[in-house]
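A.B. asks: Right, I'll just put the structure down here and ask away after.
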Amino acid sequence: MNFLRIFAAGILTIFLLTIQRPVPVARGESAEPQITARSAILIEASTGRVIWEKNADEEHYPASTTKMMTGILGLESLPPHSEVFISPNAAGTEDCFLDIHAGERLTAEELITGMLMVSDNGAAVAVAEQVDGSVGAFAKRMNAKAKELGMNHTHFANPNGLPNPDHHSTVRDMAKLAQYVMQNKKFREIVGQKDRTISWTFPKNKRLAVSNSNKLLGHYEGITGIKTGWTQISGGCLAASAKRNGVELIAVLMQTPTPDDRFSDARKILDYGFSQVHMVKGISKERVKCTAWVKDGTQATVKLHPVSDVNYPIIGGETADHYTLSYDVPKVLTAPLKESDPVGKVIINYDGQAVGCVEMTADKVQKGFSISSWLVGVFERLL
C-alpha cells in the first residue's frame, strides 16, 4: 500500500509540474493565433507564400474589401486629375459617408482616396460609371482582373461589396488582390493615410475632413493598410498589412462577429506572422560585382553597385536556397553618369519568379573622349 501511495504521489507531482511550468516557445514555433473570424490567411507580401491559414477557401461575402479591386482599377484606368461626375445613381447608393450629391464633381484621385478611406459605396459606383459607363460593365472588368490575378473562387457583381447572391470571394483570393494592390505606389499611399481632407472641384469650395476606417492605423507597429469591410450578412472583413524590419505581411479575414473583432484578430495574426518570418542577409552591396560599357565618356567601362544590401524574408526554418539574383542593367550606358543616378536593378527571384528588386547606381563617369569609349559607341549594337 505504501508503494502505491508513493507511486500515486509521484504521478500527481509530475502532472502538477507539467501544467504549472509552460514550455518556452522558440522562434518559428509560436502558438497559432486564436481568432473569432470564420476564415483567415496570412501571407508574406513579396512572394505571396502562405504562413498560416484557416478555412482559406471557403466562399463568403467580401463586403467593402471589394473596394480594393474598384480602387486599383480606377487608379489604373483614370487620369488622376480627370473629373468624375456624381450621378443620381451614385448619390442614391446607401452609406455615402463622403456626403456626395448628384451633380457634384471630384478628381478621380480625390474620389478614389475618399472611397478607400471611409468606404463610401456611392463613390465606388461613381468610379465604376466613369470607367465603364455602368456598374454592370465595370463588374465585368473586375472579374476579368480577378481571373488575371488567379482569383479562381471570386465573382464580383458590384463595385462596393453590398450584399448580392452573385458576389463572393475567399480570403485566399483576396490576399492575392491585396498583394497586387499594395505594389501600386499611389494605392499604397492612400490606404496608409490615417486622416485626409477631400476636396471637390464642384462645388469649388467644398471640403471634407475624413478619417480612415482602418483602426489599426496609428495603433499597430508598422501598419501600412489596407481595407475594412462590414455588413450584417458578411460580418467583419479586413485586409491588413504591416511592415517591420524589412518584412511585410498581409492578413485577410472574413466573418468576424463584430466590427471590432476584425482588428483584434488582425493583431493576433500579424503578431504571429512576425514571430515566424525574419530577414536574412543575402549579399552585401559591396560584394555585388557588375559592370557596364560606357560610350561618350572618359572611360569605356563602369562599376555598378546596389544602393543597399540584398536581404531575403525567411519563414520558419527554411533556407535561402529558394532565392537567386539576376541583373536588369543596360549593356551600354551613356556618359555623363552621376553616382546617385539609377541605372538598373538587382532582381530578387524566389523559385525563379521575380519577387523584388534593389536599385543599382554607377560610379561617376565624366562626358568626354577616349578611344575605348568611342569604340563602344561604334560597336554598341554588337555588344
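A.B. asks: What single numbered condition from (1) over 23 Å from I250 (Cβ atoms); (2) surrounded by 18 or more Cβ atoms within 10 Å (Cβ to Cβ) fails to hold for G103?
C.D. replies: Answer for G103: the failing condition is (2).
A.B. asks: Please give the number of the condition H81 fails out of (1) of a type outside the set (K, R); (2) closer than 30 Å to Q276 by Cα; (3) surrounded by fewer than 16 Cβ atoms within 10 Å (Cβ to Cβ); (4) touching a Ser or Thr at 6+ places or on another chain (Cβ under 9 Å).
C.D. replies: (2)
A.B. asks: Additional query: Just checking, does region 129-137 include any residue being touching a strand residue (DSSP E or B) at 6+ places or on another chain (Cβ under 8 Å), among the polar types (S, T, N, Q) and farther than 23 Å from D195 by Cα?
C.D. replies: yes
A.B. asks: If you go through region 56-78 one residue at a time, how many are surrounded by fewer than 24 Cβ atoms within 10 Å (Cβ to Cβ) and either in contact with a strand residue (DSSP E or B) (Cβ under 9 Å, 6 or more places away or on another chain) or at pLDDT below 95 (or both)?
C.D. replies: Qualifying residue count, region 56-78: 7.
A.B. asks: If I filter region 269-287 down to residues being under 27 Å from H305 (Cα atoms) and small (G, A, S), which single residue comes out as surrounded by the fewest Cβ atoms within 10 Å (Cβ to Cβ)?
C.D. replies: S284
A.B. asks: Which of the residues that make up region 106-133 are hydroxyl-bearing (S, T, Y) and either surrounded by 20 or more Cβ atoms within 10 Å (Cβ to Cβ) or modelled with pLDDT under 95 (or both)? So that I can check it myself, show each step before the final result.
C.D. replies: First pass over region 106-133, keeping only residues hydroxyl-bearing (S, T, Y): 107, 113, 119.
Selection gives T113, S119.
A.B. asks: A further question follows. For region 308-335, give me each residue that is surrounded by 12 or more Cβ atoms within 10 Å (Cβ to Cβ), among the polar types (S, T, N, Q) and either in a loop (DSSP other than H, G, I, E, B) or under 22 Å from the mean Cα position of the chain (by Cα) (or both).
C.D. replies: S308, N311
A.B. asks: So which residues in region 143-165 are part of a helix (DSSP H, G or I), surrounded by 14 or more Cβ atoms within 10 Å (Cβ to Cβ) and either of a type in the set (D, E) or under 18 Å from the mean Cα position of the chain (by Cα) (or both)?
C.D. replies: Matches in region 143-165: K145, A146.
A.B. asks: Here is a further query. Please go through region 188-235 and give me each residue that is among the aromatic types (F, W, Y), farther than 21 Å from R105 by Cα and not in a loop (DSSP other than H, G, I, E, B), ordered by number.
C.D. replies: Of everything in region 188-235, just one residue is among the aromatic types (F, W, Y), farther than 21 Å from R105 by Cα and not in a loop (DSSP other than H, G, I, E, B), namely W230.
A.B. asks: Could you grab me the full set of residues in region 166-175 that are crowded, with 22+ Cβ neighbours inside 10 Å and touching a residue at least 40 places away in the same chain (Cβ under 8 Å)?
C.D. replies: S169, T170, V171, R172, M174, A175
A.B. asks: Can you give me the number of residues within region 98-110 that are in contact with a helix residue (DSSP H, G or I) (Cβ under 7 Å, 6 or more places away or on another chain) and in contact (Cβ under 8 Å) with a residue 40 or more places away in the chain?
C.D. replies: 1
A.B. asks: Sticking with this structure for a sec: Do we find that E94 is within 17 Å of E76 (Cα to Cα) and either surrounded by fewer than 18 Cβ atoms within 10 Å (Cβ to Cβ) or in the same structural domain as K67 (by TED's automatic domain parsing) (or both) in this structure?
C.D. replies: no
A.B. asks: Considering S134, S169, S119, which residue is assigned by TED's automatic domain parsing to the domain that holds L78, among the polar types (S, T, N, Q) and on the phi > 0 side of the Ramachandran plot?
C.D. replies: Exactly one residue qualifies, and that residue is S119.
A.B. asks: Now for a different question. Could you list, in sequence order, all residues of region 43-81 that are among the basic types (K, R) and over 15 Å from the mean Cα position of the chain (by Cα)?
C.D. replies: K54
A.B. asks: Something else about it: Scan region 118-133 and give yes if some residue there is in contact (Cβ under 8 Å) with a residue 60 or more places away in the chain, within 23 Å of P80 (Cβ to Cβ) and β-branched (V, I, T), otherwise no.
C.D. replies: yes
The values are calculated or read from the model by the stated rules, or taken from the named source; none is laboratory data. Keep in mind that what you see is a predicted model, and the values were worked out from it rather than measured. As a convention, Cβ positions derive from the backbone with ideal geometry for all residues, glycine included, and neighbour counts pool all protein chains shown.
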